[in-house]
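Presented below is the structure to which this report refers.
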Amino acid sequence: MSADVTASIIAVQEDIVRLRLADPEKGRLMKNEVVYIRPAREPQQRLKAEVLRVMGAEADAQVYESTVGIGLGDGVEQTGLLLSVRLGPGLLGQVYDGLQNPLEALAQGHGVFLPKGVAAPGLDPQARWAFSATRKVGERVRAGDTLGTVPEGPILHKIMVPFDLDEDWTVDWIREGSMTVDEPAARLKAPNGAVRTVTLAQPWPVRRALPRRLLDKGYSTRLYPSEPMVTTQRIIDAFFPVVQGGAACIPGPFGAGKTVLLNLIARHSDVDVVVLVACGERAGEVVETITDFPRLKDPKTGRSLMDRTIIICNTSSMPVASREASIYTGITLCEYYRQMGLRTLMIADSSSRWAQAMRETSGRLEEIPGEEAFPAYLDSAIKGVYERAGVLKTNDGSVGAFTLIGAVSPAGGNFEEPVTQSTLAAVKCFLGLSYDRAYKRFYPAIDPLTSWSRYRKQIDSWVTEHMGADWSARIDEMIDLLNRGEDIHRMEQVAGEDGVSLEDFAVMEAAKFLDMVFLQQDAFDAVDSSMSLERQKQLFDRVYAIVTSRYRFADKEAARNFFTRMTGLFKNLNYAAPESPDFERFAGEIDALSTSVPVT
Ligand code: ADP
Ligand code: MG
C-alpha cells in the first residue's frame, strides 16, 4: 500500500507534529484520521500518526512512534480512515500493542519490542479457517447478521455482515470451506445494485462504539444488566458484586494488590473472552503476565487460559500515544465478541496511565487544562470509556455482555484526585483497596467499609432465586457487623481492653473472624484462590451462624480463644477440596467447637 503524499510536516514537538496540506483545494484533513509520515532521512519508514485537531489546511497529529528522525518538510500520506482494528478469527490468544501489532517476540519472552516504523498484520494473513455458511444465496441480511461461523479456539466465531452497512442487502454469493481472512467468503448486493465483498475480517474504528448503528437501527438492543459476573472472589461476589455487562473500578495505592486481584479476576471469571489491557505499567510486570497466562489452565475447559484471552500491552517504555489508543482497541475487541452473543470482560491496568497519556498529549496541544493539568474533557472521556460496557441482545436474539473493570492508581493512594473521582462517577461498583489492609496482608485488600456496589439492587431477583430471599439482608447485617467491629476497635485503642464490655469485645472478635475467613482469600492456594458461588453460599451460611450466635463467654480470654480456634478451623476448611475427608473433618470440628460454648 503506497498512498500519495498530500501533506508535509511543518513543526515537531515531542510526539506531536503539525502538518499542512500541499493543496488545500484538492483535499481536506479529518479529525482522528490516520496518516503516515515518511521521514526523508529514513525512506523505508512509515510512521503512523493520528490527527487530533484540524485547523483548516493544517492539523496536529500524534505520532505512535518515536519522532526522532522526523524533519520539517517530511511528506505525509493520508489514509482517509479512522484509527481502526481488524476484527476476525485469530484474535484470541494474541498479544498486541495498543495498535494491534502482534508482539510475538515479546510473548516468547525475548523482551523485544517491534522496531520503529514496523507494523505487523493484526490477523495472521496465512492462517486458514473453516467457514460454515448459515445463510443461503437470495436471503436478506442486515448489518451485524451472522453469515456463518468458524471455530476459533474454545468458541464458535460468528462472521457477521459489516457493521457499517445500511438497509437490507441480499446474499448474492457465499461459499464454505477453508479460507484466509483476506479471501472472499460472500458477496452482498444492495437494493440499488451496489456490491460488497465480505471476508472473514472487517475493520472498525476504535473510537466509535461498534454497535452504535445497530442500536440506532434497532437491529440490536441494549438490555439492563441483571446477572452477576461471578469472579470466584468472595468479597466481590457476596458483598460487592460485579454484573455481566457492568462497569467497576479498583482504585488503590501502589503495591496494594490491584494487579494480583485483576489477574485473579481475569483467570476465574465466568466469561467467554477476556481482554487484558496492560497500560503503562512497568514492562517487567507485563512480561510476567504474558509468560504466566499461556501456562495457566482454564479451570472449566482444561485448555490454556490464553485460548480465551487477548493481551494488549503498552508498558511505560512504549510511546505515550499508543498507550492512549490501547484502551479503545481493547474495548472494540470486547464489543466485537459481545456482538457474537458472548460474555466478554476487559481489564484495564491501569486506567490512570491511560489518563496520564491523555494529559501529556493535551499539554503538548496547549489545550486549556482542568484540575491537576488533566484536560477539561477528562470526565467525559472516562465516562465515554465505561459507557461502552453493557448487555446487548444481538441481531439473532442471543445475549452478549461486555464487562469493564479498571484499576486506578492514584499517587499516594489519594482517592480525591481527578481520575479516581471521574471514574467513581462513571462506574456502579467501587472496590477500593486500602493501604492498611495490604500492609496487614489482608488480601484481597478491598476495604469492606468504604467499597460499594450499586449492582446489588440490580441483581436482586437473581440473588433471591439463587442465593435465597434473605441473602441481601444477611449481607447488610454482615456489613453492619464489620462497622460495629471497627467502632469498638477504635474505642478499644483509646480506652484499652478494659474499657470495652465483654459483649462488645465478642462483637469485635466476631467481625474480625468474618473478615479473616470470608473476606480474605488466599490468592496462592490452589483451592482457596477461587471459590464457586455455591461453595461461597455454604461458607457464608456457616460463618453467619457463628457470628450471629449469642455465645455466653466466661470472659474476654475465652471469647478470644474461641474465635482464634474458629478462624484456624475455617481457614483449613477453605483450603480443603470440597467433600474431601479433610473438609468433612474440619466441618465436624467447627460444629463441635460451636456447641462447646453455651448460648443465651
Ligand atoms: P499494585 O498492582 O496495586 O501495585 P500488586 O498487585 O502488584 O500491586 O501487588 C503487590 C504485591 O503485593 C505482590 O507482588 C504480592 O507480593 C502482594 N500481594 C498482592 N495481592 C496479594 C494477594 N492476594 N495475596 C498475597 N500477596 C499479594
Ligand atoms: Mg499493578
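Give the residue, chosen from Leu433, Leu481, Leu404, that is modelled with pLDDT of 95 or more and either over 28 Å from the mean Cα position of the chain (by Cα) or charged (D, E, K, R) (or both).
It is Leu481.
If a residue has to be in a strand (DSSP E or B), under 33 Å from the mean Cα position of the chain (by Cα) and among the charged types (D, E, K, R) to count, how many in the stretch 157-195 make the cut?
Qualifying residue count, the stretch 157-195: 1.
Quick one: which of Ile479, Ile446, Ile459 is in contact with a strand residue (DSSP E or B) (Cβ under 8 Å, 6 or more places away or on another chain), closer than 17 Å to Met516 by Cβ and of a type in the set (A, V, I, L, M, F, W, C)?
Step by step, each of Ile479, Ile446, Ile459 is checked, and only Ile446 is in contact with a strand residue (DSSP E or B) (Cβ under 8 Å, 6 or more places away or on another chain), closer than 17 Å to Met516 by Cβ and of a type in the set (A, V, I, L, M, F, W, C).
Within the stretch 323-377, take every residue that is among the β-branched types (Val, Ile, Thr) and within 14 Å of the chain's Cα centre (by Cα) and give me the one that is farthest from ligand 1 (Cβ to nearest atom).
From the stretch 323-377, those among the β-branched types (Val, Ile, Thr) are 327, 329, 331-332, 344, 347, 361, 368; that's our starting set.
In the following step, the residues that additionally are within 14 Å of the chain's Cα centre (by Cα) were identified as 327, 329, 331-332, 344, 347.
Working: Ile327: 17, Thr329: 22, Ile331: 21, Thr332: 25, Thr344: 23, Ile347: 12 Å.
By that ranking, first place goes to Thr332.
Residues are listed down the side, and each one gets a yes or a no for (1) within 16 Å of ligand 1 (Cβ to nearest atom); (2) within 24 Å of Glu335 (Cβ to Cβ); (3) modelled with pLDDT under 95:
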| position | (1), (2), (3) |
| --- | --- |
| Met229 | no, yes, no |
| Pro241 | no, yes, no |
| Gly245 | no, yes, no |
| Pro251 | yes, no, no |
| Asp270 | no, yes, no |
| Val275 | no, yes, no |
| Thr291 | yes, no, yes |
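Is there a residue in the stretch 524-540 that is crowded, with 18+ Cβ neighbours inside 10 Å and within 21 Å of Phe562 (Cα to Cα)?
yes
Which condition number in (1) away from ligand 2 (no atom under 16 Å from the Cβ); (2) out of contact with any helix residue (DSSP H, G or I) (no Cβ under 7 Å at 6 or more places or on another chain) is the one that Val427 fails?
Here Val427 clears every test but (2).
Looking for whichever is free of Cβ contacts under 8 Å to residues at least 12 places away in the same chain, away from ligand 2 (no atom under 16 Å from the Cβ) and either buried (at least 16 other Cβ atoms within 10 Å of the Cβ) or on the phi < 0 side of the Ramachandran plot (or both) here; the options are Glu371, Glu387, Glu417, Glu367. Which one fits?
Only one candidate passes the filter, namely Glu367.
Pull out all pairs, ordered by first then second residue, where Cβ-Cβ is under 7 Å, the residues are six or more apart or on different chains, the first lies in the stretch 557-579 and is within 15 Å of Ile546 (Cα to Cα), and the second is part of a loop (DSSP other than H, G, I, E, B) and not β-branched (Val, Ile, Thr).
Pairs found: Ala559/Phe553; Phe562/Phe553.
For the stretch 436-462, which residues satisfy the criterion of being away from ligand 1 (no atom under 16 Å from the Cβ), under 18 Å from Met478 (Cα atoms), touching a residue at least 24 places away in the same chain (Cβ under 8 Å) and over 19 Å from the mean Cα position of the chain (by Cα)?
Leu449, Arg456
The values are calculated or read from the model by the stated rules, or taken from the named source; none is laboratory data. Everything numeric in this text was worked out from a predicted model, so none of it was measured. In this analysis, Cβ positions are derived from the backbone assuming ideal geometry, glycine residues included, and neighbour counts consider all displayed protein chains.
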